[in-house]
Amino acid sequence: MTESFWKDGDPIADTAAPDGPIETRWDRRKFSAKLVNPANRRKLSVIVVGTGLAGGSAAATLAEAGYKVRSYCYQDSPRRAHSIAAQGGINAAKNYRNDGDSIHRLFYDTVKGGDFRARESNVYRLAQVSVNIIDQCVAQGVPFAREYGGLLDNRSFGGTQVSRTFYARGQTGQQLLLGAYQAMERQIGLGNIEMFARHEMLELVIVDGKARGIVVRDMVTGEITTDLADAVVLASGGYGNVFFLSTNAKGCNVTASWRAHRKGALFANPCYTQIHPTCIPESGSHQSKLTLMSESLRNDGRVWVPKRREDCGKPAGDIAEGDRDYYLERIYPSFGNLVPRDIASRAAKNVCDEGRGVGPGGLGVYLDFADAISRLGRDAVEAKYGNLFEMYQRITGEDPYEVPMRIYPAVHYTMGGLWVDYDLQSTIPGLFVVGEANFSDHGANRLGASALMQGLADGYFVLPHTLANYLASGPYEKISPDHEEVVAARTQVEERIQKLLSINGDRTVDSFHRELGHIMWEYCGMERTEEGLTKAIGLIRGLREEFWTRVKVPGTGEQLNQNLEKAGRVADFLELGELMCIDALHRAESAGGHFRAESQTPDGEALRHDDEFSYVAAWEYGETPTLHKEKLDFEYVHPSTRSYK
Amino acid sequence: MDIQVRVWRQSDPSDKGRMVTYDVKDISPDASFLEMLDVLNEKLILDGDDPIAFDHDCREGICGMCGMMINGVAHGPERATTTCQLHMRHFNDGDVIDVEPWRASAFPVVKDLVVNRGAFDRIIQAGGYITAPTGTAPDAHATPVPKPDADAAFEAATCIGCGACVAACPNGSSMLFTAAKVAHLGLLPQGQPERDSRVVDMLEAQDEEGFGGCTNMGECTTVCPKGIPLTLIGRLNNDYRKAMKKR
C-alpha cells in the first residue's frame, strides 16, 4: 500500500564526472572545461542567492574573475549568514601533524563516515581542494589557532583518528565567513558585485528550459521584482528548520530550493538529516531553537549517565565513579567519545529511552570535564573551550566547570538537497547549487568539520571553474522582463502572497510550524518506522490543508512583515516535510542519521542494505513524486560495515 | 513570572513613533528575551494587532543580527551578552522593562526595533579586507605568525558587527567597530601591505556615513557583547597618525 506515495521513474546518472584514476579526475575536468576570455566575462552575469560560506566565496571568486555578480540574502548584511554559527573547525588534508593524514585518508574517512551514500568523485575532489582552502583563508587573514612556533594548530574531531581540523577557538565559522564576506565586500566596493540584503528569493525563472533569473521580494518595501541573468547559483543553505526546533538560525528556510524543485530541479535524499549529539537540552515550551555545543568538546569531555535509573535524580557529584556508565567508551572502545555524530546521537537516545537520562524530562546525558580539568588544569580547559563553557552557562544558568554539562541530540544539518552533477549543476541547465543546499558530498551522515570545508570548496574552487564552462556558451539570448515566463513567475509570487494575507484565520504561522516540527521529530527524526512514516504523511497532509484555511497573517505585503515571510517559508516546509517522510519510507534500511527500526543488527546497530539501496534517491516534483535513482559505485573505498568498536 | 514591557512602535521610517505598553503573563525564567517577545507577538497576532518587528537570526549570540535597548542599555543589563542570549531569569517578577531600537543617525529605524546597519558594510567595503584573490595563496605555513599576535588578532576579530557600540555611544561613533577590524588585520603579517590605506580609507568612510567622533567615553566597550577592549581605539589612532605622516 505504501507504493501509492510515489512513482518509479527512469534512472539518472552523473554524466559530468570524468572516469579514470580518481586522483586526476578534477584536474582533467578543469582542463576540459571551456574558458571565457577575460574581456568577455564582464558581459556575463550571475545571480547568487545566499551569502554564507558557499555563496559568499562563490560571489567573491566569480567577481574577482570578472563576471558581473548580483548577490541576495534575507539578512540585513551578508555577514550574518548562518555559516557564522559553526563552532568547531574545518578539515584539511595538510598532514601538518605528521600523523599519517593524506588526501586519500580524508577521502576515505568521508566516504566511510557518510555510510557509503556519497559519490566517490565528489568526495575525492573535496579532500583535494581542502588543502587550498586553508592557504586561501590564511592569506585573507583568518586568525586560526597557532602553536608557539607560529605554525597552525590542529585538533581532532568525531569520526576520525587524525588531527586534521583547523580552528579559530569556538568561532571557526564566523572567522571563515568574515574572510569570504570581506572578499565579497571588496568586490562590492569595486562595483563587481551588486548586493541586495533583506531580499528573499521567492521564485525561479526558467526560459527555454534554462534557469534565467529569480523573483525576489524586498523585505522592507514589499516590492516584488524580477532579476534576470545568464546563470543562477543557489547557496541558500539547509532545511533543518522543518523540525521547528533545530540548531539552525531562525530564518534558515528551504524556499529557494523548494521553488526550484517545483520548477523541475530534482531533490535528492531529502530524509538525510543529521542529528548532532552535543546540543543543550530543551528547557520548556517557550523554546524557539536549540543551541549546539561544539563537537570538539568530546575531545576532552567524557560522556556518561548513571548506571542505575534511581540515581538519575541525584546531583552528578553524588554519583560514585563506579556507578557511572561511560557508555561510549564502553561500547566503542577504539573511538570512545569521538565516535561519529550518528552513533553518538543514537547511543544517547538509547540510554535515555532506558530511563537513564539526566535533567528535566530525562532527556539529557552528561558531558563531564572533571577529568580534563584535573589532568590539564582549569586554565588549559578554559583556553580551549572557554567561550563554549560561557555560552552554556548563559543559557542554562549552570557552571560547567563545577557540574557536568548536559547534552542531548538535536537536528543540525541536512545532507539532502537539490541534486547536482559533478559540475554542481542541477537538472535545470544554468541552475547551480552549492554548499548545504546541494546533496552531493556527505552521504547519509556528515563528519564533523566537513560542512565548512564543503561550502568553501564549492564556492572558492569548484563552482568558478564549472560555472565558467557553462557561461562559455553564453551570453545567452537577452530576456525581456515582459517575457511570458517572467511575468508568470512574478504573478505566481504575487498571488501566493495575496492568498496568505487573505485567509485571515485563527491560528498563527508559528503554531503550524511547531506542530509540523513535532510530527517530523516524532516520526522522521532519529528513529523511523514504516508505520510511523505512513502516519506522518497523513498528518502533514491534514495540517497543510488546515494551514491554507486557518492561518492568520496580519499586516500587508507592502511593508516589513516578518509573519508574511515566515508564512511563505512554513508553507514550503509543509510540502517538503511530506517528501522527507516519503523518502524515509521508501529507504527501508538504516544509513547514517537515518535509523529504520526495522533494519538493525542483533546488537541494535544500524544495518545498511547495499545490495538494494546503494543509490541516490532523486525526486521529481509532482502530485505523486517520481523517484529517479542514481546508482553509486565504490571503486576505491569498498562498502564495509562501519564499526567504531 | 509576569512583566510589563514598554516597546517603541514605529510603523515605518516616516512615522513619529511612540512607546506602547504590553503585559506579558506567565513567562518562564528560562526563556530568552527574544522568546518573551515571541510569546507576546503570538498574542498580538491573535488579538488582531500588528506584532512587534525585531531583528534576530542565529539566537546563539554570534550572527550579530539582534539588538535593542533594554532599559536604556544596549543588549540589556548583562555584561558581554547579546539580546538573544539574555534570559528572563535576570529580571524580576513584576518588572517594567523599556525596549527601544538602536538610536543613531547612521542607523535609521526601519520599523519598530529594526534598524538599518548597512553603513557597517560600507565601512568594510572601504578597506576592511586583505586583498587575496582566490587560488594563488602560498602554503599556510609559509608565513609563521607568533601565537600572541594570532591570539590578539583573534580577539579583535570576534566583533560581530551588531552595532551596540554605536547605540551606546553618546556621539553615535563607530570607532570600536572600525578599530576591531583594523586591529584584526593589522596584527597579522598578511595585513601589512594595506595597513596604512586601510585605516585611512575606513575612517573616511565612517565619517561619510554620519557616525559621530570618538571622545573616549568608553560606553561602547561596556556594552560590547564580545568584550572588544577600548585599547584598540588607541591602536587605531596610532595607525592613523603613522599613515597620515607617510602621506
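Coupling constants for the stretch A:390-395 follow from the phi torsions by the Karplus curve (6.51 cos²θ - 1.76 cosθ + 1.60, θ = phi - 60°), and in residue order they are 5, 4, 4, 5, 4, 7 Hz; glycine and proline get x. Please find, in a Gaussian network model of chain B (springs between Cα atoms separated by less than 10 Å), the residue of B:His75, B:His141, B:His56 whose mean-square fluctuation is greatest. Maximum fluctuation in the GNM of chain B, among the listed residues, is at B:His141.
Neighbour counts of other Cβ atoms within 10 Å put A:Asp208, A:Asp227, A:Asp611 in the fewest-to-most order A:Asp611, A:Asp208, A:Asp227. The phi-based Karplus calculation (6.51 cos²θ - 1.76 cosθ + 1.60; θ = phi - 60°) puts the 3J(HN,Hα) values of the stretch A:294-300 at 3, 5, 4, 4, 6, 5, 10 Hz, whole numbers, x for Gly and Pro.
Amide H to amide H, with H built 1.01 Å from N, A:Val207 comes under 5 Å of A:Arg212, counting only residues 5 or more places away or on other chains. For B:Phe120, neighbours were defined as the other residues whose beta-carbon sits under 12 Å from its Cβ, and their charges (Lys and Arg +1, Asp and Glu -1) total +1. Please get the size of the charge dipole for the stretch B:1-149, origin at its Cα centre, with Cβ charges of +1 on Lys and Arg and -1 on Asp and Glu, quoted in debye to the nearest 20. Magnitude of the dipole: close to 620 debye. Farthest towards the positive end of the charge dipole of the stretch A:45-124, among the residues A:Ser71, A:Ala81, A:Asn98, is the Cα of A:Ser71, using unit charges on the Cβ of Lys, Arg, Asp and Glu. Per residue, the average separation of C-alpha pairs within less than 8 Å and at least 6 apart gives chain B a relative contact order of 20 percent.
Counting only aspartates and glutamates at least 8 places from A:Lys552 when in the same chain, those with an alpha carbon closer than 15 Å to its own are A:Asp506, A:Asp510, A:Glu565, B:Glu42, B:Asp47, B:Asp49, B:Asp50.
With the charge dipole of the protein assembly as shown set up from +1 on Lys and Arg Cβ and -1 on Asp and Glu Cβ about the Cα centre, the Cα lying farthest toward the positive end among the listed residues A:Asn387, A:Leu204, B:Gly227 is that of B:Gly227. The calculated FRET efficiency for A:Lys478 paired with A:Thr624, based on their beta-carbon distance and R0 = 60 Å, is about 0.95.
Cross-link pairs exceeding 22 Å between alpha carbons, from the set A:Lys314/B:Lys25; A:Lys210/A:Lys263; A:Lys535/A:Lys631; A:Lys566/B:Lys111; A:Lys34/A:Lys210; A:Lys250/B:Lys181: A:Lys314/B:Lys25; A:Lys535/A:Lys631; A:Lys250/B:Lys181. Contact order, relative form, for the stretch A:277-409: 33 percent (alpha carbon pairs under 8 Å, 6 or more residues apart, mean separation divided by residue count). When the Gaussian network model of chain B links Cα atoms closer than 10 Å, the mean-square fluctuations of B:Phe211, B:Phe91, B:Phe107 top out at B:Phe91. Contact order, relative form, for chain A: 22 percent (alpha carbon pairs under 8 Å, 6 or more residues apart, mean separation divided by residue count). Amide H to amide H distances under 5 Å link A:Gly448 with A:Gly158, A:Arg341, where only residues 5 or more positions off or on other chains count and H is placed in the peptide plane.
Farthest toward the positive end of the dipole of chain A, out of A:Thr601, A:Pro639, A:Leu447, is the Cα of A:Leu447, where the dipole comes from beta carbon charges about the Cα centre.
Magnitude of the charge dipole for the stretch A:303-376, about its Cα centre and with charges confined to Cβ atoms of Lys, Arg (+1) and Asp, Glu (-1), is about 160 debye. Could you check which residue among B:Gln190, B:Gln206, B:Gln85 shows the biggest mean-square fluctuation in a GNM of chain B with a 10 Å Cα cutoff? Largest GNM mean-square fluctuation: B:Gln190.
In deg cm²/dmol and to the nearest 500, what is the mean residue ellipticity at 222 nm of the protein assembly as shown if only DSSP H runs of at least 4 residues count, each as -39500 (n - 2.57), divided by the residue total?
-11000 deg cm²/dmol
Within the shell of other residues whose beta carbon sits under 10 angstrom from the beta carbon of A:Lys629, the net charge comes to -2, with Lys and Arg scored +1 and Asp and Glu -1. Of the GluC sites (Glu not before Pro) found in the stretch A:549-645, the ones in coil according to DSSP and having at most 15 other Cβ atoms within 10 Å of their Cβ are A:Glu558, A:Glu598, A:Glu623, A:Glu635. Converting phi to 3J(HN,Hα) with the Karplus coefficients 6.51, -1.76 and 1.60 and the offset θ = phi - 60°, the stretch A:114-125 yields x, 6, 6, 10, 10, 8, 4, 4, 5, 5, 5, 4 Hz in sequence order, with x at every glycine or proline. If R0 is taken as 25 Å, the Cβ-Cβ distance between A:Ala383 and B:Ala80 corresponds to a FRET efficiency of 0.90.
Note on A:Glu354 and B:Asp12: their simple-model spin labels are 6.2 nm apart, each label 7 Å out from Cα toward Cβ. The distance separating the Cα centre of the stretch A:515-537 from that of the stretch B:27-80 comes to 31 Å. In whole angstrom, note down how far apart the Cα centers of the stretch B:110-157 and the stretch A:381-453 are. Answer, in whole Å: 22. Modelled label positions at A:Arg496 and A:Tyr148, each set 7 Å beyond Cα in the direction of Cβ, lie 5.9 nm from each other. Residues whose amide H falls under 5 Å from that of A:Cys279, counting only those 5 or more places apart or on a different chain, are A:Met293, A:Tyr408, A:Ala410, with hydrogens built in the peptide plane.
Please give the FRET efficiency for A:Glu545 paired with B:Ser105, using the beta carbon to beta carbon distance and R0 = 56 Å, rounded to the nearest 0.05.
With a Förster radius of 56 Å, E is 0.70.
Does a label point 7 Å from the Cα of A:Glu329, set along Cα-to-beta-carbon, have any residues of the stretch A:388-427 with amide nitrogen under 17 Å, and which are they? Zone members listed by number: A:404-405.
Inter-label distance, A:Asp611 to B:Asp93: 6.6 nm, where each label sits 7 Å from its Cα along the C-beta direction. Taken about its Cα centre, the stretch B:63-120 carries a charge dipole of about 280 debye when Lys and Arg each add +1 at the Cβ and Asp and Glu each add -1 at the Cβ.
Throughout, read-outs are computed from the coordinates displayed, never taken from laboratory work. Keep in mind the model is a prediction, meaning the values are calculated, not measured. Backbone-built Cβ (ideal geometry, glycine too); neighbour counts: all protein chains shown.
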